[in-house]
Amino acid sequence: MSAVATADQKSASQAQDTDVIIETRNLGKVYRDFWGRKKVNALKALDIEVKKGEIFGLLGPNGSGKSTTIKLIQGLLFPTSGRAFVFGKDARDVSKNERIGYLPEESYLYKFLNAEETLDFYGRLFDIPASTRRQRTDQLIKMVGLDRARRRQLREYSKGMTRRIGLAQALINEPDLLILDEPTTGLDPIGSREMKDLILRLRDEGKTILMCSHQLADVQDVCDRVAILHQGELRELGRVDSLLKVRDVTEVHAKGISEEVKQKIVDLIKNSGGEVMSVDNPTTTMEELFLDIVRESEQRPGARFGSK
Amino acid sequence: MRIERERMWGFFEWLFQQGGLLSGVLLVVLLSALAFTVCYLVAMARYGPGEGFYVVTRVIYELFARDLPNTSCKRIFAFAKLAFQEAIRRKVLAVMAVFIVALLFAGWFLDPNADYPAKLYISFVLTGTNYMVLLLGLFLSCFSLPADIKNKTVQTIVTKPVRSTEIVLGRVLGFTFVGTVLLVLMGLLSYVFVDRGLRHTHEAEEIAADGMSGTTSFDSHHAHTFNVNPNAVKEAATDEKKGHRHFVEITEVNGQRVYSIGPAEGMLEAKIPVFGSLKFTDREGKEADGLNVGYESNYQKYIEGGTLCSAIWSFNGITESLGDELPIELTLKAFRTYKGDIVTGVQGTIILRSSNGRVESERIPFVIKEFAVDERRVNRKLKGTVDQVPKELDLYKDIAPDGKMEVIVRCSDKGQYFGMSQADLFLRAGQNSFAWNMFKGYLGIWLQMLIIICFGVMFSTFLSGPVAMIATMTCLAIGFFGGIAEEVARGTTPGGGPVESMIRMANQAGAMVDLDLGNDVLEKSIQGVDTGIMGALYLLTMGLPSFNDLNTSEFVAYGVNIFEGLVARHMTMALGYFVLTAIVGYFFLKTREMAA
Ligand SMILES: Nc1ncnc2c1ncn2[C@@H]1O[C@H](COP(=O)(O)OP(=O)(O)OP(=O)(O)O)[C@@H](O)[C@H]1O
Ligand SMILES: [Mg+2]
């Protein structure tokens, strides 16, 4: 944010041509208390790029700095070091918000409004003409399955219902970039499934999605690339499939086989020199990866995972 | 009714000659500089001196280059609508209920037997409405934004393409709208209350044998008498009681006279005053300051009876449009050095004189009774002198051919005094509609509310709800007591400032005696400290809106038309504060981390 910053901005706008939607450079955040004393170093020198049309996941244990990153990217927090760019504009530039949809960690909506009024209000903030607003409101309410509760004030909503209206609110402007902070928390299994389907569908429509979650199955299901944070540090960054493929583990999903057949398969693996690790219902490998990273990170702070 | 000199200023006189514009501009510059400095210090502590400066200047740049040009009325309106919905759903209307209950209760306590019931009723409802609406504005504006930040709903807002200007303006607009709706409701309710409290009529009773005079029935704690003019037997008017009279219509039915008495007249009025400038002469008739009889207030000056002491009002714009009977209203105060005759009051005379002093009317006598407004109607045909030669005069052609006239008031009773200020004698240039005056009174309340809301919203951009409320209330209080601080700072109040008053209290010394501590240096330094304290306070009051000045309900209650110049000035002031608080609010909002 000095003379250097203008040069930064130029290169960032060049980055726009190469379809980088979000870019963070050396992004860091130190929370301070009222007197300016340092309290938490929530994020340290984060460098990530989110490209157009991908689903990017931020992963990490509680308090690892996921929400902090998202807030920095939206200009809700001011970075203590580094910068963040969205659509090539500085994170604090208001005009970038035209193309962003944001679902906060909890749906921070006005409890005294009902679903229709809520969507109408946020639609107005985008200067959407009245007829379009009405049409989209209707369509989104139906999409998130709140048709029967559309006239009820949000204070009466359950957690999952609030989540759903929060999502609808994030989509009111048909955003190019969707930022979702833990999209599936509070949703029932069907809702969670629908949310994931929606995320994939939006990606297929060419939109970019940045989400954070500790529902590892969710991340594994939908994300193209993930960044794993621990204590404010980037631990791992890469494509989900390659991150998971590094392990020489074969997973067999089968249906309708008897105990004998199962035993036969185990024997076959043993005979051909393999090693049977487990024959339980398979655990999500993302979870294992995650646990490994956290474990290792605690033992060897400061180093990237896998580097020996 | 007290009308200070400042309130008579015309709008442009205030704006240009009395420094209205200048102090406004100065205020904007000073406050902006203050806000800038505060923000810079905060930013410097956070980012270091160079970076901090950059951060703050960028905010200013963004205001003019990005945020103002991109501010959208639609979004402001969206926020206003939200604020309105919030107020309605949070049951602000409960305030209304409190008001109604208060009104009903007040009906019990207002003294219907008062001398001027209209004044009492109107002051009551206007004062009640005023406090209610200010309180409402205070609560609405101070807690909304901090609540949004606390609930984090603001995070959903600022991640939309919303400018900080819109958040501030939308809030102000929305709360003002809520306040306006309530004010209108209260106004209608008050009107019904006043109307029902004052409306009454009488029956004719005790008609004299010749049918030319009578007494009315005793209703609403009073009765009138009336006399019928033998030349016009169809109509008559009663005497004036409790600030009003009734017209009596006289018809003949079967050879019998029937007297029907109409509704109260003159209770609700809005006199349009023409003020003159006031100067005094001393006992020898030379120009001088008026006398001080030892009252604490300097508002009125006194003239001594039975001497050449006089008070001279000079008027401009005397034309025939004032009517064949020039109405002169007097609210002089009698100060008695001996008891005298309480019932007949203190005598005085009025002389009308041309501006060159050559044409003079004869003496027109009047009597000042305690606590009464006296109205003298002077017929345009009157006796007088031209260069000391007696002559029949015409008021407009002979005394005021150039539109200028002097009114000279003397006290005739030796040893008695008349007290007066500029506003205590005026010519009545007709009547304005009472409803319109009432509306202007409500407009005054509305402007106060607007200013409160502006301050509340401004403080709430960087303080938590309760703290913002205390800050706004402090501004309000300083605004209310501004007059006192000013007088003390100027050293014109007896008794001195806070420290001196404290010492006087401890020594049990009165306010009028000199401060005597036996040590000149000590006395001087105490007074110096006081001047310092009150000077600082005075500066503060200069910067803060004077709610006393904005409150024009007294005009309505006393039936004096609220000067259009005053209304225009108040509107300009409110606009000024609106802009000022919006800028400061924007500044703080813009530099605030919404998620921290
Ligand atoms: N407003 C704040 N003031 C001070 N510290 C904060 C603030 N917000 C977050 N933190 C701290 O910053 C760190 C990162 O918090 P953050 O909310 O980014 O975590 P997260 O990864 O989103 O966690 P979760 O999975 O629980 O949502 C935590 O140690 C947290 O205590
Ligand atoms: Mg979080």
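The values are calculated or read from the model by the stated rules, or taken from the named source; none is laboratory data. Everything numeric in this text was worked out from a predicted model, so none of it was measured. Because the Cβ atoms are built from the backbone with ideal geometry, glycine has one as well, and the counts that use them run over all protein chains shown. SASA here: full protein model, heavy atoms, side chains in, ligands and nucleic acids out. Shrake-Rupley method; radii C 1.70, N 1.55, O 1.52, S 1.80 Å.
The table below gives the values:
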read-out: Set of aspartates and glutamates with alpha-carbon distance to A:Lys270 below 18 Å, sequence-local pairs under 8 removed; value: A:Asp248, A:Glu251, A:Glu259, A:Glu260, A:Asp280
read-out: Distance between segment B:39-99 and segment B:375-450 - C-alpha centres, whole angstrom; value: 50
read-out: Average beta carbon contacts from partner chains per residue of B:149-159, 10 Å cutoff; value: 6
read-out: MRE, 222 nm, helices only [DSSP H, n ≥ 4, -39500 (n - 2.57), over chain B, to nearest 500]; value: -15500 deg cm²/dmol
read-out: Span-rule helices in chain B, defined as complete DSSP H runs reaching 27 Å or more along the axis (Cα) with Kyte mean at least 0.5; value: B:20-47, B:117-150, B:164-198, B:434-460, B:520-543, B:564-590
read-out: Kirkwood Rh and Cα Rg combined as Rg/Rh, the protein assembly as shown; value: 1.15
read-out: Proximal lysines to B:Lys440, defined as alpha-carbon separation beneath 21 angstrom and excluding residues fewer than eight positions away on the same chain; value: B:Lys119, B:Lys271
read-out: Shape box of segment B:204-270 [Cα atoms, principal axes, largest first, Å]; value: 39, 23, 17
read-out: Whole-Å semi-axes of chain B's equivalent ellipsoid (Cα gyration tensor); value: 52, 34, 23
read-out: Hits among aspartates and glutamates - C-alpha to C-alpha of A:Lys96 under 12 Å, sequence gap 8 or more where chains match; value: A:Asp176
read-out: Loop GluC sites (Glu not before Pro), segment B:180-234, which have at most 15 other Cβ atoms in a 10 Å radius of their Cβ (DSSP); value: B:Glu203, B:Glu206
read-out: Sites B:Thr127 and B:His221 - FRET efficiency at Förster radius 25 Å, r taken between beta-carbons, to 0.05; value: 0.65
read-out: Evaluated at q = 0.15, 0.17, 0.29 Å⁻¹: base-10 log I(q)/I(0), Debye formula over Cα of segment B:370-436; value: -0.76, -0.93, -1.37
read-out: Fraction of accessible area attributable to carbon and sulfur, segment B:301-420 (%, probe 1.4 Å); value: 51
read-out: Sites B:Tyr54 and B:Arg283, calculated FRET efficiency, Cβ-Cβ separation with R0 41 Å, nearest 0.05; value: 0.05
read-out: As computed over segment A:22-132, the Cα convex hull volume per residue (Å³); value: 147
read-out: Cross-link table A:Lys51/A:Lys196; B:Lys150/B:Lys590; A:Lys29/B:Lys74; A:Lys71/B:Lys590, entries beyond 23 Å C-alpha to C-alpha; value: A:Lys29/B:Lys74
read-out: Amide H within-cut-off set for A:Leu178, under 5 Å, with H built and near neighbours excluded; value: A:Gly101, A:Thr208, A:Ile209, A:Leu210
read-out: Lys pairs, segment B:301-420 - Cα-Cα below 19 angstrom, 8 or more residues apart or on other chains; value: 14
read-out: Alpha-carbon gyration tensor eigenvalues x 5, square-rooted, for segment B:1-120, Å; value: 45, 28, 16
